[in-house]
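In what follows, a structure is listed as structure tokens, so that the remarks can point back to it.
The values are calculated or read from the model by the stated rules, or taken from the named source; none is laboratory data. Nothing here was measured: the structure is a model prediction, and the numbers come from that model. Note that each Cβ is placed from the backbone with ideal geometry, even for glycine, and that neighbours are counted across all protein chains shown.
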Ligand SMILES: [Fe+2]
């Protein structure tokens, strides 16, 4: 995930494609159409009726599962995506989002390099993949597609505190790139933005996009006796490896979005140094200091 975009003034030359994980998977998405910052046009007219219908079926299956499993903030905001009958137009969604929290959604061809990702977040622009999964990937898709990016991520960007956390994360990422600490920040993103749980008076609820857009992991993460659920601990998270191709074995639980925002406010430079000294932890490891739910 480190590619230097080609800067050619005024001419769209495309950018180098990005692939997922360490396997031999070919890139998905048309990187030839992307600008130097990796954004591109959504090309909404190119979606087929079958693709809109696939989006609708994904949306309806997930929406039916939200009560009792998704956090209230997510449930309150998911309606902003509009009618599930078709893939939303990013420009119309951006207008609503900008009025709420000054964020926008921008189209990207697929995965983008870390630096480009951090730069967009720091500008309050959330990159959303243009393509949708194939019908045979209805239950599971490895790479994030338009359904994961929109349904999983965008509703919480309507929440002011979470929106500020995401921008701060992007700014922190740009700094971490210079310090070569992106791995630690990637783990923070994974265990909060993608797979985070939040403690509420009604019980644990999901706020992570990877969970909220997953047919099976939403219920698993909140109710299964198998995974361990540990209290949020910034340095612990930065040490913990994660799994990209199975349900998580560990989830971290925040008390509030304010806690998340405040925990990430300090300068991470000394924290990165400590984490580097302490060493990595396996995804399923348990420490005596863990606060277990
Ligand atoms: Fe995601």
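How many of the residues in region 188-197 are in a helix (DSSP H, G or I) and either within 13 Å of the ligand (Cβ to nearest atom) or surrounded by fewer than 21 Cβ atoms within 10 Å (Cβ to Cβ) (or both)?
So in region 188-197, the residues in a helix (DSSP H, G or I) come out as 188-194.
Of the ones still in play, those that are also either within 13 Å of the ligand (Cβ to nearest atom) or surrounded by fewer than 21 Cβ atoms within 10 Å (Cβ to Cβ) (or both) are 189-194.
Number satisfying all stated conditions: 6.
Consider residue 81 carefully, then state whether it is modelled with pLDDT of 95 or more and surrounded by fewer than 21 Cβ atoms within 10 Å (Cβ to Cβ).
Criteria met by residue 81.
Among the residues of region 119-131, count how many are over 12 Å from the mean Cα position of the chain (by Cα) and in a helix (DSSP H, G or I). Write out each step before concluding.
Our first condition is that a residue be over 12 Å from the mean Cα position of the chain (by Cα); within region 119-131, this holds for 119-120, 122-125, 130-131.
Filter once more, keeping what is in a helix (DSSP H, G or I): 119-120, 122.
Adding up the residues that qualify gives 3.
Let's see how each residue does on (1) under 16 Å from residue 255 (Cα atoms); (2) more than 15 Å from the ligand (Cβ to nearest atom); (3) surrounded by fewer than 24 Cβ atoms within 10 Å (Cβ to Cβ); (4) modelled with pLDDT of 95 or more:
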residue: 186; (1), (2), (3), (4): no, no, yes, no
residue: 199; (1), (2), (3), (4): yes, yes, yes, yes
residue: 202; (1), (2), (3), (4): yes, yes, yes, yes
residue: 207; (1), (2), (3), (4): yes, no, no, yes
residue: 213; (1), (2), (3), (4): no, no, yes, yes
residue: 222; (1), (2), (3), (4): yes, yes, yes, yes
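From the list 227, 160, which residue is closer than 29 Å to residue 37 by Cα and either within 15 Å of the ligand (Cβ to nearest atom) or at pLDDT 95 or above (or both)?
It is 160.
I'd like to verify a number: residues in region 84-115 that are at pLDDT 95 or above and outside any loop (DSSP other than H, G, I, E, B), how many?
17
Looking at (1) outside any loop (DSSP other than H, G, I, E, B); (2) within 14 Å of the ligand (Cβ to nearest atom); (3) free of Cβ contacts under 8 Å to residues at least 60 places away in the same chain, which one does residue 166 not meet, given that it meets all the others?
(3)
Has region 29-40 got any residue that is at pLDDT 95 or above, surrounded by 13 or more Cβ atoms within 10 Å (Cβ to Cβ) and more than 26 Å from residue 119 (Cβ to Cβ)?
The answer is no, given that none of the residues of region 29-40 is at pLDDT 95 or above, surrounded by 13 or more Cβ atoms within 10 Å (Cβ to Cβ) and more than 26 Å from residue 119 (Cβ to Cβ).
I'd like the full set of residues that are in contact (Cβ under 8 Å) with a residue 60 or more places away in the chain, surrounded by fewer than 20 Cβ atoms within 10 Å (Cβ to Cβ) and either in contact with a helix residue (DSSP H, G or I) (Cβ under 9 Å, 6 or more places away or on another chain) or part of a strand (DSSP E or B) (or both), limited to region 132-159.
135, 138
Do we find that residue 275 is away from the ligand (no atom under 16 Å from the Cβ) and either in a loop (DSSP other than H, G, I, E, B) or touching a strand residue (DSSP E or B) at 6+ places or on another chain (Cβ under 9 Å) (or both) in this structure? Give the steps one after another, and end with the answer.
Values: away from the ligand (no atom under 16 Å from the Cβ): yes; either in a loop (DSSP other than H, G, I, E, B) or touching a strand residue (DSSP E or B) at 6+ places or on another chain (Cβ under 9 Å) (or both): no.
Considered against the rule, which asks whether it is away from the ligand (no atom under 16 Å from the Cβ) and either in a loop (DSSP other than H, G, I, E, B) or touching a strand residue (DSSP E or B) at 6+ places or on another chain (Cβ under 9 Å) (or both), residue 275 comes out as no.
What is the number of the single condition among (1) buried (at least 17 other Cβ atoms within 10 Å of the Cβ); (2) in a helix (DSSP H, G or I) that residue 262 does not meet?
If we test residue 262 against (1) buried (at least 17 other Cβ atoms within 10 Å of the Cβ); (2) in a helix (DSSP H, G or I), just (1) comes out false.
Among (1) within 16 Å of the ligand (Cβ to nearest atom); (2) within 20 Å of residue 38 (Cα to Cα), which single condition is residue 142 missing?
Result: residue 142 fails condition (2) only.
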